[in-house]
């Protein structure tokens, strides 16, 4: 089994077990179980493919399979949401309000194109990981996909694992906490968040943890490619805060988790 397989087995088993020990409505408990079984089935499928299909295609499938499994892991974690911790949520909002007040007093309100840039950058939090795997393929470094997932999966799943225990709503859901300027990129991002996301904040930010972990891993193999991805990861992180998709502390802790996962997996 690859490292990614073990990580997924541990994650889906943990949340499957939590689904039957936490106080959850029956519907959420059933969905948590079903998603956990689906995730473990993906692992089993990965092992079957590698052992029974003697083709380069089988190896390619195993390289890419963790990406859709991350979505299953995300939706499974979302089933644990019952109600927001109002005290923590107010503290996060208060921290951001004080920070923004300080920044506005020093640098002004910003300019329109910069807001548009960060809104556009936030869109890349979704394809960031597939782009990272694709970059390894283009650089003829697909043998390092195992190392890639060994960094990205723990950084991301650590964020998901907090959700059953600490639950807050993201800023974009709260009334009065969205930036005034919108535009087409805002409409796309909000549509995705409203219809395809769990509509709950992952604390720390899984988007940021995954993006930074991707960039750090690519830095090992190509400084140029790694720096390009790091620029994008930083833009995503800033966009999460200034466009109010995440709290500032979400983002900072997401960066810390990515660094820890990266350092732990250094050769």
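Nothing in this text is a laboratory measurement; each read-out follows from the coordinates by a stated rule. Not measured: the values here are computed from a predicted model. Heads up, the Cβs are rebuilt from the backbone with ideal geometry, glycines too, and the neighbour counts pull from every protein chain shown.
Descriptive notes on the structure:
- Only helices enter this figure: runs of n ≥ 4 DSSP H residues, each worth -39500 (n - 2.57), summed and divided by the residues of the chain, yield -24500 deg cm²/dmol at 222 nm to the nearest 500.
- Highest-MSF residue in the chain out of 186, 22, 104 [GNM, Cα springs under 10 Å]: 104
- The chain shape via C-alpha gyration tensor axes, a/c threshold 1.5: oblate
- Global geometry of region 43-94, whether rounded, prolate or oblate, following the gyration tensor of its Cα atoms and the 1.5 cut on a/c: prolate
- Shape of region 67-176, Cα gyration tensor, a/c cut at 1.5: oblate
- Length released on extending from residue 219 to residue 144, taking residue separation times 0.36 nm less the Cα-Cα span: 25.8 nm
- Contour excess over end-to-end distance, with Cα ends at residue 71 and residue 117 and 0.36 nm allotted per residue: 14.0 nm
- Counting 0.36 nm for each residue step from residue 165 to residue 126 and taking away their Cα separation leaves a gain of 11.6 nm.
- Spin-label pair residue 256/residue 91, simplified geometry with 7 Å Cα→Cβ offset, distance in nm: 1.2 nm
- Top of 165, 120, 185 by mean-square fluctuation, Gaussian network on the chain, Cα under 10 Å: 165
- Note on the chain: GNM, Cα springs under 10 Å; of 77, 213, 34, the largest mean-square fluctuation is that of 34.
- For the chain, the relative contact order is 23 percent, taking Cα pairs closer than 8 Å that sit 6 or more residues apart in sequence and dividing their mean separation by the residue count.
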